[in-house]
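Here's the structure we're looking at; comments come further down.
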Amino acid sequence: MELVTVTTVSDSGLANIVVGVLEQAGVDAVVGGPGTPDVYPMPSVHPFHILVNEKDLSRARDVLAQYETTPDDADDDL
């Protein structure tokens, strides 16, 4: 089982959100990088790598692409 990076983020809180989105879609994901996410989300100079199984890479990219284009609740007020 080979883990590959699907995306990188600089905030540990966002890293946890991305992992949660992927897991909700049935894609196993973990955070890798120079450190592990802390209890207190903070920006980091070292990116957090979101890792998935190589066989799930295409699906993970599709899930994240859909998530990024989903309108926010605030857009309903426009």
**Request:** Using label points projected 7 Å from each Cα along Cα→Cβ, tell me how many nm separate residue 3 and residue 58, to one decimal.
**Result:** 2.4 nm
**Request:** Quick one: which residues, 5+ away or cross-chain, put their amide H under 5 Å from the amide H of residue 48? H built at 1.01 Å from N.
**Result:** 9, 10, 11
**Complete:** Footprinting proxy, 19, 4, 52: sorted fewest to most Cβ within 10 Å, the residues are 4, 19, 52
**Segment residue 65-residue 24, extension gain: residue separation times 0.36 nm, minus the distance between their alpha carbons** = 13.3 nm
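Readers should treat all values here as calculations from the given coordinates under stated rules, not as data from a laboratory. Nothing here was measured: the structure is a model prediction, and the numbers come from that model. Cβ sites come from the backbone with ideal geometry, for glycine too, and all protein chains shown count toward neighbours.
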